[in-house]
Amino acid sequence: MRRDVKVTKKLNIKDIGTHSDQLTQVSIDDLMPLPPPYDRLEDQPGWKGLTGAQRDKFDASLDGFIAVGFPKPATSEEEEKLVESFLSGLQKLLSKENNWTFLQQLTLSLEHCAKCQTCNDACPIYEASGQNDLYRPTYRSEVLRRIIAKYIEPGGKFFGWLKHGDIDLNWQTVSRLLELSYRCTLCRRCAQTCPIGVDNGLITHELRKIFSMEMGIAPKEIHEKGSVLQLAVGSSTGMNSLAVKDNIEFIDDDMSELTGIPVKTVWDKEGADVLLLHNAGEILAWPENPGAFAIILEAAGISWTLSSDLAAYDAINYGLWYDDAQFARVALKHVEAAKKLKVKKIVVGECGHAHKALMIIADRLLTGDNAIPRESALVLLRDIVMSGKLQLDPSRNDFPVTLHDPCNMVRLMGIVEPQREILRKIAPQFREMTPHGVNNYCCGGGSGFAIMSPFNFQDWRLSISGRMKLKQIVEAFADCPRPEINKYVCAPCSNCKGQIRDLFRYYGVWDKQRIMYGGIAELIVNAMTNVKHPFIQWEFR
Ligand code: SF4
Ligand code: SF4
């Protein structure tokens with residue numbers, strides 16, 4: 001950090017519009033303490049500073065971290081254009097014609113906050129940061145309210161400040177709001193706590209939409225390398241349909257060898273009962289998960305298939321986090337594939353945001369003959385495990401297991417019990433985290449963060465947004481902390497697994513404590529008596 005930077009944890013709303021080198025700073029010694037063996041300050045991983053060239057080119061004046069990387073405007077005309085396009089996007093966001101999907105929820109949340117600040121304590125980012133004002137759930141909402149009152153509402157220039165307080169909208173306000181919209185995981189823990197039901201996560205989501213849909217600004221990882229690549233090639237992993245089939249063939253071979261039973265994935269089977277949509281990241285990073293699904297579905301006698309159609313072998317829909325149009329394009333591809341194959345239903349694999357995207361948010365889009373039934377894989381797996389169709393021996397899973405609740409599936413969809421019913425049946429040392437279920441904390445990788453590591457953002461997401469999750473996991477195994485005992489965090493979501501993997505690497509969790517992470521399908525196969533044991537390999541990747 002430059003020596004002339006003046007920073008503080010205590011901020012006023014107005015400060016966001018005050019020109020300065022940096023609005024606030026979080027230091028490692030401000031952060032929420034971690035339990036042993038991660039409690040010593042000298043053992044905290046150091047943070048990567050930005051280079052002088054990066055600071056000169058990009059605006060890092062929010063908190064010294066960069067998630068999006070927006071180049072500073074070079075001229076006063078560019079500065080004005082930035083403000084104008086932001087205001088134009090904001091106008092559209094507040095019009096029914098342009099924002100029929102979310103306008104009502106947005107307006108209700110903007111108009112009804114009592115400013116009681118009850119929601120602060122619910123936010124893992126605010127708490128983990130050492131209660132830095134910038135990360136209060138309400139900070140960005142209060143900024144937006146002031147901008148609307150002053151710059152959008154009639155007479156606002158003269159009297160707008162009377163409503164919520166004054167604010168100056170300049171290029172740095174806009175640029176800081178852009179970065180600030182990527183300091184929240186959209187976990188909605190704050191909304192759950194609010195006595196009025198104000199949804200600050202939704203307000204953050206809507207802000208991201210202005211930047212993407214009006215101004216063409218979004219993080220590369222979720223836009224260019226995410227939804228754009230998925231729609232162009234077929235998957236955000238870059239796999240086209242030939243590549244994905246090749247990869248699945250390798251997985252089938254590996255799984256057959258590992259389990260001693262023949263595994264053969266079915267492609268493009270017309271009339272199947274189930275079209276299974278995996279997050280394609282599983283196929284490359286955690287192949288044992290799609291492999292386990294194939295084993296379980298075959299053993300249960302389910303008629304199932306994957307689709308090799310464009311975008312239909314990748315359940316991801318990153319549009320959910322930042323852009324309604326990209327969201328709709330991907331959701332329609334998923335449904336078109338299901339209609340083409342005439343399947344009875346779509347089942348979404350272990351991917352939280354894909355669950356919420358296709359099962360909840362797409363509801364208003366998928367009407368008429370697009371309204372194909374959609375179901376969670378957790379429900380299907382629970383039904384299979386409870387049906388008695390699989391021969392299961394829980395003693396094969398006799399090691400400590402805890403469960404991570406992905407926000408999208410659990411808090412935001414209410415899928416709470418199916419995964420627990422499975423674990424109670426197959427994992428004798430299952431223990432809950434505190435808190436858990438709908439009160440659980442986000443992994444810290446929600447809303448796209450798990451795949452975002454530009455500039456120095458990885459340090460922020462692993463030190464701050466993932467901090468509460470690491471604490472919860474370590475505390476869940478407080479009775480067996482030593483590395484002599486293998487332990488398993490069941491995280492039935494691809495993005496959560498990515499974040500937990502990165503957290504474990506960052507803090508050396510595998511070496512210090514032998515805590516592994518993985519999905520729920522793998523635990524089921526690990527308990528199947530007709531499968532060579534063990535299925536779970538206990539190798540940290
Ligand atoms: S969002 Fe709700 S909890 Fe938070 S300050 Fe406003 S009224 Fe209070
Ligand atoms: S949605 Fe989650 S991360 Fe965002 S402000 Fe609310 S509690 Fe914090």
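The values are calculated or read from the model by the stated rules, or taken from the named source; none is laboratory data. Since the model is a prediction, treat every value here as computed from it, not as a measurement. Methodologically, a virtual Cβ is constructed for each residue, glycine included, from the backbone with ideal geometry; neighbour enumeration extends over all protein chains shown. These area figures cover heavy atoms from the full protein model, side chains too; ligands, DNA and RNA do not enter into them. Shrake-Rupley method; radii C 1.70, N 1.55, O 1.52, S 1.80 Å.
Scanning segment 116-144 for residues that are open to solvent by 10 Å² or more (accessible area, probe 1.4 Å) and basic (Lys, Arg) yields a single hit, Arg136. Scanning segment 324-339 for residues that are closer than 17 Å to His205 by Cβ and either of a type in the set (Ser, Thr, Tyr) or crowded, with 24+ Cβ neighbours inside 10 Å (or both) turns up Gln326, Val330. Scanning segment 28-42 for residues that are assigned to a loop (DSSP other than H, G, I, E, B) and either without any contact (Cβ under 8 Å) to a residue 24 or more places away in the chain or surrounded by 18 or more Cβ atoms within 10 Å (Cβ to Cβ) (or both) yields Leu31, Pro33, Leu34, Tyr38, Asp39, Arg40. The residue that is least open to solvent (accessible area, probe 1.4 Å), counting only those in segment 517-533 that are in a loop (DSSP other than H, G, I, E, B) and over 22 Å from Ala476 (Cβ atoms), is Val531. Any residue at all in segment 346-363 that is over 22 Å from His278 (Cβ atoms) and not in a helix (DSSP H, G or I)? No, that holds for no residue. Would you confirm, using the coordinates I've provided, whether Tyr151 is among the aromatic types (Phe, Trp, Tyr), touching a helix residue (DSSP H, G or I) at 6+ places or on another chain (Cβ under 7 Å) and within 16 Å of ligand 1 (Cβ to nearest atom)? No; evaluated as a whole, the condition is false for this residue.
Against the list (1) of a type in the set (Lys, Arg); (2) at pLDDT 95 or above; (3) more than 23 Å from the chain's Cα centre (by Cα); (4) more than 11 Å from ligand 1 (Cβ to nearest atom), the condition Arg145 fails is (4).
Of all residues in segment 391-413, those that are away from ligand 2 (no atom under 16 Å from the Cβ) have Cβ atoms under 7 Å from Cβ atoms of residues that are at pLDDT below 95, 6 or more apart or on another chain, in Arg396/His533. Considering only segment 364-381, state which residues are in a helix (DSSP H, G or I) and either open to solvent by 50 Å² or more (accessible area, probe 1.4 Å) or without any contact (Cβ under 8 Å) to a residue 40 or more places away in the chain (or both). Matches in segment 364-381: Arg364, Gly368, Asp369, Asn370, Val379.
Okay, residues lined up against (1) hydrophobic (A, V, I, L, M, F, W, C); (2) open to solvent by less than 10 Å² (accessible area, probe 1.4 Å):
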{"site": "Ile302", "(1), (2)": "yes, no"}
{"site": "Ser307", "(1), (2)": "no, yes"}
{"site": "Ala312", "(1), (2)": "yes, yes"}
{"site": "Leu341", "(1), (2)": "yes, no"}
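Please return the ranges of helices (runs of 4 or more DSSP H) entirely within segment 43-117 where 2 or more residues are away from ligand 1 (no atom under 16 Å from the Cβ) and hydrophobic (A, V, I, L, M, F, W, C). Of the helices (runs of 4 or more DSSP H) lying wholly inside segment 43-117, those with at least 2 residues that are away from ligand 1 (no atom under 16 Å from the Cβ) and hydrophobic (A, V, I, L, M, F, W, C) span 76-93. Sub-6 Å Cβ pairs linking a first residue in segment 125-141 that is farther than 16 Å from Phe457 by Cβ to a second residue that is within 16 Å of ligand 1 (Cβ to nearest atom) and in a loop (DSSP other than H, G, I, E, B), at least 6 apart or interchain, are Tyr126/Arg136; Asp133/Leu11; Pro137/Cys123, ordered by first then second residue.
Counting the residues of segment 53-78 that are open to solvent by 40 Å² or more (accessible area, probe 1.4 Å), small (Gly, Ala, Ser) and either modelled with pLDDT under 95 or under 28 Å from Phe457 (Cα atoms) (or both) gives 2. Cβ-Cβ distances below 7 Å connect the following pairs, each with a first residue in segment 188-201 that is more than 15 Å from Gly437 (Cα to Cα), a second residue that is open to solvent by 60 Å² or more (accessible area, probe 1.4 Å) and not β-branched (Val, Ile, Thr), and a separation of six or more residues or different chains: Ile196/His112; Ile196/Ala114; Val198/His112; Asp199/Gln105.
Quick one: what pairs do we get from segment 251-267, first residue without any contact (Cβ under 8 Å) to a residue 60 or more places away in the chain, second loosely packed, with under 15 Cβ neighbours inside 10 Å, C-beta under 7 Å, 6+ apart or different chains? Close Cβ pairs satisfying both conditions: Asp252/Lys264; Ser256/Pro262. Helices (runs of 4 or more DSSP H) fully within segment 400-516 that include at least 2 residues being under 22 Å from Gly349 (Cβ atoms): 417-426, 494-507.
The residue that is modelled with the lowest pLDDT, counting only those in segment 161-211 that are of a type in the set (Gly, Ala, Ser) and within 16 Å of ligand 1 (Cβ to nearest atom), is Gly165.
For segment 79-107, filtering for residues that are touching a residue at least 40 places away in the same chain (Cβ under 8 Å) and either surrounded by fewer than 13 Cβ atoms within 10 Å (Cβ to Cβ) or within 16 Å of ligand 2 (Cβ to nearest atom) (or both) leaves 3.
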